[in-house]
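Peer 1: There's a structure below that I have some questions on.
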Amino acid sequence: MNLFAEFHARIAAILSGIAESGRLPQLDWARAVVEPPRDPSHGDLATNAAMVFAKEAKAHFPNPRQLATEIAFALAEDDDVAEAEVAGPGFINIRLKPQVFTRVLQVALTLGQEYGRGTGVGGKGPTNVEYVSANPTGPMHVGHGRGAVFGDALANLLAFAGETVTREYYINDAGAQVDVLARSAHLRYREALGEVIGAIPEGLYPGDYLKPVGADLAKAHGKALLSMPEAEWLPIVRIAAIDAMMAMIRLDLAALNIEHEVFFSERSLTNNPDGKDAVAAAIADLQARGLIYVGRLPPPKGAPQEDYEDREQTLFRSTQFGDDVDRPLLKSDGGYTYFASDIAYHKTKYDRGFRTMIDIWGADHGGYVKRMQAAVKAISNGEAVLDVRLCQLVKLMRNGEPFKMSKRAGDFVTLREVVDEVGVDAVRFMMLFRKNDAPLEFDLAKVIEQSKDNAVFYVQYAHARLCSVASKAKVAFADLDLALSALADADLSLLSDEGETALINLIAQYPRQVEAAAQAHEPHRLAFYLHDLASAVHSHWNKGKDSPHLRFVNEERRDLTCARLALVLSLTMVLRSGLAILGVSAPEEMR
């Protein structure tokens, strides 16, 4: 039951009626919004419908307030509306009758943790969410962790909202960095055979995590690799090192409860058993449609002239699809650019049936967004949409001081170190308690504090508090039936305190929060909502300490206790459902 969607439909019906009378053209009523008013004292719902359609309505309604008045008058006739009032230049505030919120609780109790689940948010077919995609050159660091958590929560959110989602990891195993990895692993192989290698040369990966790879190579090949020229041992070591790094990355992801359905190898685009070159095929497809040409590019603005090579290049007409400049597909040595490989990779997504693609990238890739969106438009003839979500850096702190680097990784703090220290719940929730494109300070000391200043503790504690109510009710009323079906039959009209009605109102908002967060691809909205809900729970709980008549268990009123237990279970299920989407546990007690 999405209360906001229901009233959007009712307002759309009112507007359609006005249109049928000839005083308004038939329009896209979805443009109007029904949402909670900014000030809860103004009512339960608010709509901007009269403002949105003011221009088209001007012939018969010279100003938005006139249209708003007619909509409000019609709403006032609705059996579920207590009051509809025009405010400001044409907004409408709606106050609902208590029976509406009784229905909300009954539906929530009937559906359980399915309450709030959607039937789709308007995506173009199946959705591909590609996230993490870290270079397989070492363990994951905290920056990777933010993208991993964000992508995983977004995939959970879209699935709960009713979308069909595939979670994908793109293995960057075809660039120069994996050759550097192989040379670094070969050095550790020599070390494993007893050679004193000394300091790790500049340009190679220095972390101790490559020592086991070297040991495994020594065990598998003995000294055979030592007598080979680099051109022979490099492919052997590269495969072994990449496999080892991906196994490590999978373990790091598992520590965050993250699993991908698809691991797609970049190398497979040009090196696969059938001998097909997917990059060449993608370029040929674009060329057949007149989107490839040979030409020269002007020097990049602000770039040193000595870094610019004035030569004829094979170019993709990306400006035709919204990019700033056309983009090269071949390097001077005839090899493919990264962009060419990325075009081919995204074409495989399109060929696999994905019309909505979401890529989670680090903030340093911001300049790459326009060209990839242009490429997806081109390869799909405009059928597919690419949404790129950038994750800003994470600054690790401890008690307000910068956290030192890891010796094992060489030059960064590994994600596993952080998860092992503060736990998966703290990492996941705090990574999501900021918008993805906002910088994040992650204080290892603060995220394990048991205080209201620790957002994850604050939300989980609200859930644990609510879970304790059932046992207290059983002490007061030993024969009380706590089944959802039984509590749904309680007299919910008894829930009349302003704190109780505020909590029910927040429960009513949950389906809308899920839908809005999924449509915007912003899981942080759900984290914010859960924090607001927890705050309302703690506030009402604390009032009960001073005013016993407000407590959830009233030993003198069985009927009131049953009604309040219905509210408690609904709150518990919404908190549990929202935390599950974020990938965070909902403990029944806090120690």
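Peer 1: Considering each residue of region 44-81, count those that are of a type in the set (Asp, Glu) and farther than 24 Å from Val104 by Cα, and give that number.
Peer 2: 2
Peer 1: Go through (1) small (Gly, Ala, Ser); (2) closer than 30 Å to Tyr336 by Cβ; (3) outside any helix (DSSP H, G or I) and name the single condition Gly116 misses.
Peer 2: Tallying (1) small (Gly, Ala, Ser); (2) closer than 30 Å to Tyr336 by Cβ; (3) outside any helix (DSSP H, G or I), Gly116 fails exactly one: (2).
Peer 1: Oh, and also: Tell me the residue from Ala215, Ala254 that is within 23 Å of Gly145 (Cα to Cα) and either out of contact with any helix residue (DSSP H, G or I) (no Cβ under 8 Å at 6 or more places or on another chain) or among the small types (Gly, Ala, Ser) (or both), please. Full working, then the answer.
Peer 2: Numbers: Ala215 fails: within 23 Å of Gly145 (Cα to Cα).
Exactly one residue qualifies, and that residue is Ala254.
Peer 1: So, in region 25-39, exactly how many residues are in a helix (DSSP H, G or I) and in contact with a Leu (Cβ under 8 Å, 6 or more places away or on another chain)?
Peer 2: 1
Peer 1: Which members of region 382-392 meet the condition of being touching a residue at least 12 places away in the same chain (Cβ under 8 Å), surrounded by fewer than 20 Cβ atoms within 10 Å (Cβ to Cβ) and over 16 Å from the mean Cα position of the chain (by Cα)?
Peer 2: Residues satisfying the conditions are Glu383, Val385.
Peer 1: So is Ala478 assigned to a loop (DSSP other than H, G, I, E, B), surrounded by fewer than 12 Cβ atoms within 10 Å (Cβ to Cβ) and aliphatic (A, V, I, L, M) or not? Spell out how you get there, then give the answer.
Peer 2: Values: assigned to a loop (DSSP other than H, G, I, E, B): yes; surrounded by fewer than 12 Cβ atoms within 10 Å (Cβ to Cβ): yes; aliphatic (A, V, I, L, M): yes.
Yes; evaluated as a whole, the condition is true for this residue.
Peer 1: Let me ask you something else. Of all residues in region 439-467, how many are part of a helix (DSSP H, G or I) and either exposed (fewer than 14 other Cβ atoms within 10 Å of the Cβ) or polar (S, T, N, Q) (or both)?
Peer 2: Final tally of qualifying residues: 1.
Peer 1: Further, regarding this structure: So, of the residues in region 185-206 that are assigned to a loop (DSSP other than H, G, I, E, B) and not hydrophobic (A, V, I, L, M, F, W, C), which turns out to be nearest to Ala241 (Cα to Cα)?
Peer 2: Top of the filtered list is Tyr205.
Peer 1: For a quick check of your reading: which helices (runs of 4 or more DSSP H) sit entirely within region 313-426 and have at least 3 residues that are outside the structural domain of Val142 (by TED's automatic domain parsing), closer than 30 Å to Val142 by Cβ and modelled with pLDDT under 95?
Peer 2: Qualifying helices (runs of 4 or more DSSP H): 415-422.
Peer 1: I need a count of the residues in region 136-172 that are modelled with pLDDT of 95 or more and either hydrophobic (A, V, I, L, M, F, W, C) or within 24 Å of Leu225 (Cβ to Cβ) (or both).
Peer 2: Going through region 136-172 one residue at a time, the tally reaches 13.
Peer 1: Quick one: Thr137 ticks every box in (1) more than 30 Å from Ala54 (Cβ to Cβ); (2) in the same structural domain as Gln66 (by TED's automatic domain parsing) bar one, so which box is it?
Peer 2: (2)
Peer 1: Is one or more of the residues making up region 540-554 in contact with a Lys or Arg (Cβ under 7 Å, 6 or more places away or on another chain), without any contact (Cβ under 8 Å) to a residue 60 or more places away in the chain and in the same structural domain as Ser493 (by TED's automatic domain parsing)?
Peer 2: To start, the set of residues in region 540-554 that are in contact with a Lys or Arg (Cβ under 7 Å, 6 or more places away or on another chain) comprises 541, 544, 550, 552-553.
From what is left, the residues that are without any contact (Cβ under 8 Å) to a residue 60 or more places away in the chain are 544, 550.
Within this subset, residues satisfying the condition of being in the same structural domain as Ser493 (by TED's automatic domain parsing) are 544, 550.
So far as region 540-554 goes, yes, one or more of its residues are in contact with a Lys or Arg (Cβ under 7 Å, 6 or more places away or on another chain), without any contact (Cβ under 8 Å) to a residue 60 or more places away in the chain and in the same structural domain as Ser493 (by TED's automatic domain parsing).
Peer 1: Looking at (1) under 30 Å from Arg146 (Cβ atoms); (2) out of contact with any Leu (no Cβ under 8 Å at 6 or more places or on another chain); (3) in contact (Cβ under 8 Å) with a residue 12 or more places away in the chain, which one does Val419 not meet, given that it meets all the others?
Peer 2: Among (1) under 30 Å from Arg146 (Cβ atoms); (2) out of contact with any Leu (no Cβ under 8 Å at 6 or more places or on another chain); (3) in contact (Cβ under 8 Å) with a residue 12 or more places away in the chain, Val419 violates only (2).
Peer 1: Could you grab me the full set of residues in region 207-233 that are in a helix (DSSP H, G or I) and of a type in the set (Gly, Ala, Ser)?
Peer 2: Within region 207-233, Gly214, Ala215, Ala218, Ala220, Ala224, Ser227, Ala231 qualify.
Peer 1: Further question: Which one of Ala486, Ala470 is out of contact with any Gly (no Cβ under 6 Å at 6 or more places or on another chain) and surrounded by fewer than 17 Cβ atoms within 10 Å (Cβ to Cβ)?
Peer 2: Values: Ala470 fails: surrounded by fewer than 17 Cβ atoms within 10 Å (Cβ to Cβ).
Checking each option against the conditions leaves just Ala486.
Peer 1: May I ask you to list the residues in region 82-108 that are out of contact with any Lys or Arg (no Cβ under 7 Å at 6 or more places or on another chain), within 19 Å of Glu35 (Cβ to Cβ) and touching a residue at least 12 places away in the same chain (Cβ under 8 Å)? Before you say what the answer is, go through the steps one by one.
Peer 2: Of all residues in region 82-108, those out of contact with any Lys or Arg (no Cβ under 7 Å at 6 or more places or on another chain) come to 84-85, 87-88, 91-108.
With the extra rule that they be within 19 Å of Glu35 (Cβ to Cβ), the set shrinks to 84-85, 87-88, 91-96, 100-101, 104.
Ala84, Glu85, Ala87, Phe91, Ile92, Asn93, Ile94, Arg95, Leu96, Val100, Phe101, Val104, listed by residue number.
Peer 1: Identify all residues within region 15-34 that are closer than 29 Å to Asn505 by Cα and either in contact with a strand residue (DSSP E or B) (Cβ under 6 Å, 6 or more places away or on another chain) or crowded, with 19+ Cβ neighbours inside 10 Å (or both); write none if there are none.
Peer 2: Listed by number, the residues that qualify are Leu15, Ala32, Val34.
Peer 1: Out of everything in region 5-37 that is touching a residue at least 60 places away in the same chain (Cβ under 8 Å) and aliphatic (A, V, I, L, M), what residue ends up being farthest from Ile92 (Cα to Cα)? Step through it out loud before you land on a result.
Peer 2: From region 5-37, those touching a residue at least 60 places away in the same chain (Cβ under 8 Å) are 5, 7, 10-11, 14, 35-36; that's our starting set.
Those left that are additionally aliphatic (A, V, I, L, M): 5, 11, 14.
Details: Ala5: 16, Ile11: 11, Ile14: 14 Å.
Per the criteria, the residue is Ala5.
Peer 1: How many residues are among the small types (Gly, Ala, Ser), crowded, with 24+ Cβ neighbours inside 10 Å and outside any loop (DSSP other than H, G, I, E, B) when one looks only at region 126-153?
Peer 2: Looking only at that region, the number is 5.
Peer 1: Give the residues of region 349-381 that are β-branched (Val, Ile, Thr) and within 23 Å of the chain's Cα centre (by Cα), sorted by residue number.
Peer 2: Hits for region 349-381 are Thr356, Ile358, Ile360, Val369, Val376.
Peer 1: With respect to Leu432, determine if the residue is within 19 Å of Ser535 (Cα to Cα), buried (at least 18 other Cβ atoms within 10 Å of the Cβ) and in contact with a helix residue (DSSP H, G or I) (Cβ under 7 Å, 6 or more places away or on another chain).
Peer 2: In short, yes.
Peer 1: Return only the number of the condition from (1) free of Cβ contacts under 8 Å to residues at least 60 places away in the same chain; (2) surrounded by fewer than 17 Cβ atoms within 10 Å (Cβ to Cβ); (3) within 24 Å of Glu515 (Cα to Cα) that Pro40 does not satisfy.
Peer 2: The number of the failed condition is (1).
Peer 1: May I pose another question? Among the listed residues Asp351, Asp342, Asp364, identify the single one that is more than 17 Å from Ser265 (Cβ to Cβ) and of a type outside the set (Phe, Trp, Tyr). First the steps, then the outcome.
Peer 2: Values: Asp351 fails: more than 17 Å from Ser265 (Cβ to Cβ); Asp342 fails: more than 17 Å from Ser265 (Cβ to Cβ).
Result of the check over Asp351, Asp342, Asp364: Asp364.
Peer 1: Out of all the residues in region 507-534, which are surrounded by 22 or more Cβ atoms within 10 Å (Cβ to Cβ) and either outside any helix (DSSP H, G or I) or among the aromatic types (Phe, Trp, Tyr) (or both)?
Peer 2: Selection gives Tyr510, Pro523.
Peer 1: With the requirement that a residue be without any contact (Cβ under 8 Å) to a residue 40 or more places away in the chain and over 29 Å from Ala215 (Cβ atoms), what does region 139-198 give you?
Peer 2: Ala155, Ala159, Thr164, Val165
Peer 1: Do the conditions hold for Thr110, that is, is it farther than 30 Å from Met245 by Cβ and outside the structural domain of Ser493 (by TED's automatic domain parsing)?
Peer 2: yes
The values are calculated or read from the model by the stated rules, or taken from the named source; none is laboratory data. On a predicted model such as this, the values are computed, not experimentally measured, just so you know. When we count neighbours, we look across all protein chains shown, and the Cβ atoms used for this are built from the backbone with ideal geometry, even at glycine.
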